[in-house]
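Notes follow once the structure below has been shown.
The values are calculated or read from the model by the stated rules, or taken from the named source; none is laboratory data. Given the structure is predicted, the values throughout are model-derived calculations rather than measurements. As a convention, Cβ positions derive from the backbone with ideal geometry for all residues, glycine included, and neighbour counts pool all protein chains shown. Each accessible area value is taken on the protein alone, full model and side chains, heavy atoms only, with ligands, DNA and RNA left out. Shrake-Rupley method; radii C 1.70, N 1.55, O 1.52, S 1.80 Å.
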Number of protein chains: 2
Amino acid sequence: MSHPKTITVDEAVVNCCSPIGAGALSELEAGDMAQIFGALSDPARLRMLSLIASEDEVCSCALEEPLGKSQPTISHHTRILAEAGLIAGEKRGRWMWWRVVPERLKVVARILSE
Amino acid sequence: MSHPKTITVDEAVVNCCSPIGAGALSELEAGDMAQIFGALSDPARLRMLSLIASEDEVCSCALEEPLGKSQPTISHHTRILAEAGLIAGEKRGRWMWWRVVPERLKVVARILSE
DNA sequence: TCATACTATTGACAACAGTCAATGTATTCA
DNA sequence: TGAATACATTGACTGTTGTCAATAGTATGA
């Protein structure tokens, strides 16, 4: 759609979120940012994210055991992290492989550090 | 209590939270981090934080109108932000004055950028 | 085509969170 | 002392969220 550039990440992922100290947030922007932080606001999802961030790629099937949650719960959480743009998944064969989106993490970090 | 040093912020505020990519998080650490992100996961609180961060100090009474929320709701949200260590308040006369805790924001940023 | 394996979706339920009216507490000022 | 003001707490209501069992979807391999 429109004019894709040479970057591989969606523009909306990076082109987002002014720093918290740069004047009052609009309701819209606050809502978008709240979604991201909401994705990070659950212990299971944070541990999941740290597991994925510690490897290049992690299979969904490799998350159930360390997190001690059922398969539907794992699927639920990966979905929320993905919708927030924090991880991205690719299906290969029967397996779903997840990796973090470092650009997105940096965006969130920048919100708080400027 | 114990031996206060020359820093003005509580140690627990800064001495917290290993980066997300540095190996699997413990359940305890994940819980602590989830509390912080939970405080940031509401649009009203984010707008509130941005209002406070844009000034040196902001009175509770100055938040009701721009946020369009009732006084108890404002009080509820400031409490949650304060419990997460993101803002600190001081009562002077009848007024409660809030300011951000920049060290805490930096801690959270570091979680995501390392 | 059938059986198996990995993931997603649905439905249900309990726990939690955001909101406000009513009330309580503390401070200022007459 | 009393009235007024700013904030906190309580209680109630509603909507959201985390969880899992059951089920559906999809890919692999015999």
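If you take the residues in region B:43-62 that are more than 13 Å from DNA strand C (Cβ to nearest atom) and small (Gly, Ala, Ser), which one is nearest to residue A:36 (Cα to Cα)?
Filtering region B:43-62 for residues that are more than 13 Å from DNA strand C (Cβ to nearest atom) and small (Gly, Ala, Ser), the one nearest to residue A:36 (Cα to Cα) comes out as B:50.
Taking region B:15-37 as the region of interest, how many residues are more than 8 Å from every other protein chain (Cβ to nearest Cβ) and either open to solvent by less than 70 Å² (accessible area, probe 1.4 Å) or free of Cβ contacts under 8 Å to residues at least 12 places away in the same chain (or both)?
The number of residues fulfilling the criteria is 9.
Here is a list of conditions, (1) polar (S, T, N, Q); (2) over 25 Å from residue B:107 (Cα atoms); (3) open to solvent by less than 20 Å² (accessible area, probe 1.4 Å), and residue A:50 meets all of them except one; can you say which number that is?
So the condition that residue A:50 fails would be (2).
Please determine whether any residue of region A:53-75 is out of contact with any Asp or Glu (no Cβ under 6 Å at 6 or more places or on another chain), surrounded by fewer than 19 Cβ atoms within 10 Å (Cβ to Cβ) and closer than 20 Å to residue B:110 by Cα.
Yes, the conditions are met somewhere in region A:53-75.
Any residue in region B:93-107 that is over 20 Å from residue B:19 (Cβ atoms), away from chain A (no Cβ under 12 Å), open to solvent by 20 Å² or more (accessible area, probe 1.4 Å) and out of contact with any strand residue (DSSP E or B) (no Cβ under 9 Å at 6 or more places or on another chain)?
Yes, the conditions are met somewhere in region B:93-107.
How many residues does region B:70-86 contain that are away from chain A (no Cβ under 11 Å) and within 14 Å of residue B:13 (Cβ to Cβ)?
Summing the residues that are away from chain A (no Cβ under 11 Å) and within 14 Å of residue B:13 (Cβ to Cβ) in region B:70-86 gives 4.
Of everything in region A:66-114 that's more than 8 Å from DNA strand D (Cβ to nearest atom) and polar (S, T, N, Q), which residue is farthest from residue A:49 (Cα to Cα)?
A:113
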